[in-house]
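A.B. asks: Submitted below is the structure of interest, expressed as structure tokens.
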Amino acid sequence: MLENCKNAQERWGGVHTVIDHLLDQRKALLVTFIELKNACDDDLTEVSKARIDRFSEHLLDYISAGHFKVYPQLAEEAQAFGDEAALTLAGKLLERLEMSTELTLAFDDDYATPVRCEQNMARLPAWLDRLAKGLTERFALEDQLVARLHAVNSPQQAAPGAV
């Protein structure tokens, strides 16, 4: 997952500050995910609620940035360029992204309080496996959305015949 994050940043970094911010948040999310996963692998009984909260905060920040900043911005840009195909693709991708959003909210709910965290601690490794799969798909879907918009806004598209 972290390697895919680096590849996305190399492809789209600097294209738009909103996308740059999302990619920075993605990297921070992955760092906290890996730290939590490693802590679970080392000794699940030693994993603190504070560590889970730190990961959950990054997770929710990332999901929120996508829904409330990046996706609307991408849709606005596609509309400005009159790119109906990008808008159609965005609609389909956003439906699929909603599944990982639901997964994220369920995770946050399961570990929201100290009592719930203690009750669900044994399930944390399985949760992280589910989240890894969901986030991997989410990143791929987001990358498709950004790539489609980037193709519309690239200099070759903006100025036909440019080399």
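The values are calculated or read from the model by the stated rules, or taken from the named source; none is laboratory data. Predicted model, so just to flag it, every value in this text is computed and none were measured. No Cβ is skipped: glycine too gets one built from the backbone with ideal geometry, and neighbour counts run over all protein chains shown. Surface areas here come from the heavy atoms of the whole protein model, side chains and all, with no ligands, DNA or RNA. Shrake-Rupley method; radii C 1.70, N 1.55, O 1.52, S 1.80 Å.
A.B. asks: Could you tell me whether Asp83 is touching a Lys or Arg at 6+ places or on another chain (Cβ under 9 Å), over 16 Å from Glu142 (Cα atoms) and either open to solvent by less than 70 Å² (accessible area, probe 1.4 Å) or of a type in the set (A, V, I, L, M, F, W, C) (or both)? So that I can check it myself, show each step before the final result.
C.D. replies: Details: touching a Lys or Arg at 6+ places or on another chain (Cβ under 9 Å): yes; over 16 Å from Glu142 (Cα atoms): yes; either open to solvent by less than 70 Å² (accessible area, probe 1.4 Å) or of a type in the set (A, V, I, L, M, F, W, C) (or both): yes.
For Asp83, the condition - touching a Lys or Arg at 6+ places or on another chain (Cβ under 9 Å), over 16 Å from Glu142 (Cα atoms) and either open to solvent by less than 70 Å² (accessible area, probe 1.4 Å) or of a type in the set (A, V, I, L, M, F, W, C) (or both) - is met.
A.B. asks: Now, a different point. Do any helices (runs of 4 or more DSSP H) lying entirely in region 7-84 carry at least 2 residues that are at pLDDT 95 or above, and which ones are they? Break it down stepwise before answering.
C.D. replies: On the way: elements: 17-43, 49-65, 71-80.
Qualifying helices (runs of 4 or more DSSP H): 17-43, 49-65.
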